Structures are given as C-alpha cells and as structure tokens.
Amino acid sequence: MNRRISGVLLYLMLILLVIFGLRLITPPQNVIDEKTATEFVQALEKKSVEEIHYDGSKVTYKLNDDNVFMTYLPDEARTNIYNTYVAKQVHDGSVQITEEPIREKPVYMEWIPTIFVVVALMAFWYYMMNQSQGGGAKMGNFGKSKARLIRPDESKHVTFENVAGLVEEKEELSEIVDFLKNPKKFVAMGARIPKGVLMVGPPGTGKTYLSRAVAGEAKVPFFIMSGSDFVEMFVGVGASRVRDLFESAKKNAPCIIFIDEIDAVGRRRGAGVGGGHDEREQTLNQLLVEMDGFGENEGVIVMAATNRADILDPAILRPGRFDRTVYVGKPDVRGREAILNVHSKNKKLADEVELKSIAKKTPGFTPADLENLLNEAALLAARRGETSIHMEDINEATLKVQAGPAKKSKVVTEKERKLTAVHEAGHAVVSSHLKDSDPVDMITIIPRGMAGGFTAYLPEEDKSFMTKGELLDRIVSLLGGRVAESLVLDDISTGAGNDIERATAIARSMIKEYGMSERMGTINYSDDEGEVFIGKDLGRARNYSEKTAFEIDEEVKAIIDTAYAKCKAILSEHMEKLLEVSDTLLEKETIGRSEFEAIMRGEQSPQDGDAGLKREDLSDEAKDIIDHTSHDESNDLTDAMKH
C-alpha cells in the first residue's frame, strides 16, 4: 500500500512539473475586457482610475473597484488624453503609471483550474488502477483467514473474575493458563498440554466468554473465528484459510485460536449421499492435519465451542487434537446468584430486590437468559417511569422471558375465559396433591405468547435427574387441564394439545430410553443416535421388531391411561377446590402462590359475583360430584352432632 501511494505521488509531481514548464513558455491568455476610448476618458473624469499601463497603442487600466479593462488609443489620442487628464492625476498621486502589465487575477488564480483538472485525472487514474489490479488482489486475499485478532493491550481484559458461576470449568482451564504463562514448567516434566479444548454446552452458557477469559488471564493474543467463515462455495478455499490461520497463530505464539460453532465445519465425514470431496470435508481434513502437525509445545492452543458435539467427526476428538472436553452446563442456584450479581452491577435495583430469590425462581436459565431477564426488567421499569427496578418488574420480566409478553388487550370471549380458568385450575389443583410435583408459584389466565393461560412452578431445589415417580407425576400434572375441562365443562378443547404432546414424549422416553417399563425391560429401544445426516438415515434400520414397536405403543398408552385415571380421581375428590380456584381466576385473572395455598387450605374463597362459574355451566358429572360431596359432608356433620 505504501509503495502504491509513493508511485502515485511521483507521477503527480512529474505532471505538475510539466504543466509548470508549459506555463513558463506559453504566455497567459488575454482575459481582460475591452472598453472604448470614450469610456476610458469618462473613467478619468470621474477619477475612478487607479493604475495605468501603456503598451504601445494598448492601454490597460485598473479602477478603484479592482476591475481591470483595456482599450486601444492612437498615438495622437493617447498624447491628448495623457496631457489633459492623466498627467494631472499622476501629479496628484491619484493615478499610478506601472511598467508591469496589469492582470485581472493573481497568477495563482490562473493555476487553480489546471490543478483541479490534474487532481481529477490522477484520482480517476488511481481508481482505474485499483479496479484493474483489484481482481488479483481480491483473489490473493480469498484464501486468507478471516480471523479477528484480539491483542492483550487493545481492550479491557476479560478474566476469570468476570466469569461467574463456572467454578469447575475455570479450574479445568487453569492448566491452559499456566501453560501459556510458563510453558517451561510443563516441558521440564515431560508433560504435553492439550492441543485442543472443546467447549460443549447449551447455547448461552458462556463458552465464548470463558474462552476469552482464558486468553485474558494468560495475556496472550486471541484469534476468534466462526466455523462458517472457513466454508465457501469454491473447494479448497476453506483449507487455505485454515493454513493461513495457523501460520498467523504460530507467528504470535503463545496464543489461542478460538473457533466458534465448529460443528459448521467439523461434521462427520462421509455422512452425505454424494461424494466426500466437498468443501466442508476438505476444510475439516486440513484442520485435522494442522492440529496434529504441531511441533512439541509450540504454544498455540485451539479452543472451540459447539452445542452439537454428537455430530462432530470422531477424528476431531481423538488425543492430539481436541483431546480435552469441557462441559459448560446451565448454572445451579448458587451459580445463578453469582451471575445475577455480575449483571446487576450497572442496574439500579430497589432495596426489596433479592438476587437469591430471583436465582431460586429461574431454574434452567443460562447466563444469557439471566442477563436478558435483568435487561427486560430494566426496560419495564423505565417504561413505567420508575427510578429503580422493583421486584414486580423482575417477576413480570421472568414470565415475559419464559412465556412471552402478556396480551392484556386481546379480546377473549367469556366462554374461553371460563375454559382457560378451569384448565389452569386443573393443572394447579392436581399438582398440589402430587407427592413429587413442584409447588405452584403463579396461575394466570392472561394470554401470553401462544398460550391462553399459564401455570408457573417453583422448584424447591435444582435437580440433575428425575426419578420414575417424578416423571409419572409430571405426566399426571400435564393431563390436569384436559381432565378438568372434561369433568367440569363436559367438553374438551385444543388448549391441551401441547400438554398431551409433552406427556406422550415423557412416557415414550421412559420406555424407550430410560428402561422404566417392567414389560419392556431395561433395554434401550431408542432409534435416535444423534445423526442428522440423510445418508445415515437411509442406511439405518430400526433396531427392534414390529412386535416390539407394538408393545412400546401399548406401554405408552397404558402409562397415559393410568395417569389420566389418577388425575381424574384427584380432581373428582377435590372438585370444590377446583371450582374455587377457577372462580378466583375469573375474578382476579392472576393468583400468586400464597393466595393459591390459602384456597387449598380452605382459608380463602372467591367472592360472590357474576365472574365465576354458574351451576348451569357445569357438566352433569360435576354436579353429581358436588351434590354427593355436599351430602357426605352433611352426614358427617350429623354423625358428629350425635356423638
């Protein structure tokens, strides 16, 4: 680039010198307006002439307003005018006779058009040269790496102190930091530091941020590149970029190469229907060669992130390449509290806000979800004109992140409101009478997202796995809405579609994956091997017979039918509580945990009004259950009075 600029400047100086020489040789053109002798005499009479230059019969004069004119006078006329007007004014000092020609404009003004034309021509020439050479330059850079280099001194370091909640993961990566800081210690012991570290985990768990923290702790250059940046439509470009990336990394060693979403380039080879010489496989081959072709401890460590480790090529995970895998999972309650502490530093929280309580209410949230939660709460507080974030903002933001914003303006018919209230009350009442179900935290019939209502649960503790009893209770709880509709309203709706889908998926997983069926035994019947390639799907047969498939379907149906019967028994036994909860929902639209538990304990009942369910709204079965329950209670009261 510097050579090109120097060449342009050289050519520009040569052209300017040529033009300057031509200007010296060629006299300037006459651009002065010509006047008559009468007009010249009139100007003298008005004493508006300032300078006069005689050149034979040609007379050039300059007026007081700096305008320059010329005229031609014969010898006799020139002598008469001089004696009559000019001589007297020269004597007075009002007119000056000059020996140099009078110019209308300064000399440099005559050069401005020339310079402008030269600069325009040079700019056009430079643009055309770039266009003519740009093809070659672009083709030369086509195979260059697109990696972005982050040097330690360019911006604020991201260290392990900025990463909250990943205690074990940071301990696992501390060896990488020690090696980058002091590689001689490991070399002296004959140890080989892992050449590749694969970060595996769900989206938003902090894999990229943790990798940057490793580079920040070690204070080494950090090359970051996405897996999709390698792949182009031309075969061989990706491989060339891999070579260029590793060459640049070796020049900056010790350093870290981070490849985000490596599954875009590292998928299993030979899994397609066609041949194996496509661009992605060529790029993967070159990546494998580069990672296995390092010398001893060159100081270049490759880190990669993916949430689909199951589709990576086995060769990429063998020792010598990505020979260490760090699982970055979702944080537990203590990790979530630490993450909330980090993201709330620049937030104005009210005194009532407790991060520990928020952490308990957000099981399964990733660090990205928690950051988004606090941001949504801040937006809600600002929208309401508050000066700080209150707990109600955080509760609303939690529901917004989980189920979408509340659609309070949506027009809902009274029939739909009653059906939704009965449906959500069914979920809540059934869950409250199940041993292994999470406590109900909130019930609402305000539409959110695609759901007409919402029942939120608050786990008392984080769980890494679920027992058979917990899974069965989960199915019973999911069927609570459908059973309540059938019992109370003698009709069913499409609102239970997602509940039935989830319940069926749990039951099928219990049988096919978890071995929780005595009839089918402790055998895995799952035909999902994690493959997403059409070639594997075409060549793979189901690993069980049609008879076994029939028995699996029967077992799934048996689990669902048993759960349905249990759910119906619970709601039939607690029909009055079901109606009380649904009436309260119709009255208030949203019920919190304390209010729901008060209703279940019999300490609170809905107020009489037009919002609740009428007797004519109930099915005959529900009426019979209520009447039978009331009759039994009356008999119990009579027996008690007799005693």
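The values are calculated or read from the model by the stated rules, or taken from the named source; none is laboratory data. Quantities reported herein were computed from a predicted structural model and do not represent experimental measurements. As a convention, Cβ positions derive from the backbone with ideal geometry for all residues, glycine included, and neighbour counts pool all protein chains shown.
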| Selection count where residues are assigned to a strand (DSSP E or B) and not aliphatic (A, V, I, L, M), scope segment 186-229 | 4
| field | Those residues of segment 496-524 which are buried (at least 18 other Cβ atoms within 10 Å of the Cβ) and of a type outside the set (Lys, Arg), in sequence order | value | Ala496, Asp499, Ala503, Ile506, Ala507, Met510, Ile511, Met516, Ser517, Met520
| query | For Ile257, all conditions in the list (1) modelled with pLDDT under 80; (2) of a type outside the set (Phe, Trp, Tyr); (3) buried (at least 20 other Cβ atoms within 10 Å of the Cβ) hold save one; what is the number of the exception? | reply | (1)
| task | Report whether or not Arg308 is assigned by TED's automatic domain parsing to the domain that holds Leu210, modelled with pLDDT of 80 or more, under 17 Å from Met199 (Cα atoms) and surrounded by fewer than 21 Cβ atoms within 10 Å (Cβ to Cβ). | result | yes
| Can you tell which of Ala397, Ala382 is surrounded by 19 or more Cβ atoms within 10 Å (Cβ to Cβ) and not assigned by TED's automatic domain parsing to the domain that holds Asp583? | Ala397
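Could you please let me know if Ser493 is of a type in the set (Ser, Thr, Tyr) and surrounded by 20 or more Cβ atoms within 10 Å (Cβ to Cβ)?
Numbers: of a type in the set (Ser, Thr, Tyr): yes; surrounded by 20 or more Cβ atoms within 10 Å (Cβ to Cβ): no.
Spelling it out, it is not the case that Ser493 is of a type in the set (Ser, Thr, Tyr) and surrounded by 20 or more Cβ atoms within 10 Å (Cβ to Cβ).
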| Index of the failed condition, Ala397 passing every other in (1) at pLDDT below 90; (2) under 18 Å from Ser493 (Cα atoms); (3) not charged (D, E, K, R) | (2)
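Where in segment 539-606 are there helices (runs of 4 or more DSSP H), lying wholly inside it, with at least 1 residues that are surrounded by fewer than 16 Cβ atoms within 10 Å (Cβ to Cβ) and of a type in the set (Ser, Thr, Tyr)?
546-573, 593-600
In this structure, does Ala77 turn out to be modelled with pLDDT of 80 or more, small (Gly, Ala, Ser) and outside any strand (DSSP E or B)? Working first, answer last.
Values: modelled with pLDDT of 80 or more: no; small (Gly, Ala, Ser): yes; outside any strand (DSSP E or B): yes.
No: the conditions fail for Ala77.
A quick yes/no check of all residues on (1) exposed (fewer than 15 other Cβ atoms within 10 Å of the Cβ); (2) under 60 Å from the mean Cα position of the chain (by Cα); (3) within 19 Å of Pro101 (Cα to Cα); (4) of a type in the set (Gly, Ala, Ser):
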site	(1), (2), (3), (4)
Thr38	yes, no, no, no
Val41	no, no, no, no
Lys46	yes, no, no, no
Ile52	no, no, yes, no
Asp55	yes, no, yes, no
Leu63	yes, no, yes, no
Asn67	yes, no, yes, no
Thr71	no, no, yes, no
| request: Name every residue in segment 342-377 that is more than 17 Å from Lys463 (Cα to Cα), more than 25 Å from the chain's Cα centre (by Cα) and basic (Lys, Arg), in order of residue number. | output: Lys356
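Here is a yes/no grid of residues against (1) modelled with pLDDT of 90 or more; (2) assigned by TED's automatic domain parsing to the domain that holds Ile445; (3) in contact with a Leu (Cβ under 9 Å, 6 or more places away or on another chain):
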residue: Ala558; (1), (2), (3): yes, yes, no
residue: Thr562; (1), (2), (3): yes, yes, yes
residue: Lys568; (1), (2), (3): yes, yes, yes
residue: Glu587; (1), (2), (3): no, yes, no
residue: Glu603; (1), (2), (3): no, yes, no
residue: Gln607; (1), (2), (3): no, yes, no
residue: Lys623; (1), (2), (3): no, yes, no
residue: Asp627; (1), (2), (3): no, yes, no
residue: Asp639; (1), (2), (3): no, no, no
| Test: residue in segment 153-160 that is at pLDDT 75 or above and part of a helix (DSSP H, G or I) | yes
| task | Using the structure shown, decide if Met139 is hydrophobic (A, V, I, L, M, F, W, C), surrounded by 12 or more Cβ atoms within 10 Å (Cβ to Cβ), modelled with pLDDT under 70 and under 30 Å from Val237 (Cβ atoms). | result | no
| query | If you take the residues of segment 488-504 that are part of a helix (DSSP H, G or I) and of a type in the set (S, T, N, Q), which of them is nearest to the chain's Cα centre (by Cα)? | reply | Asn498
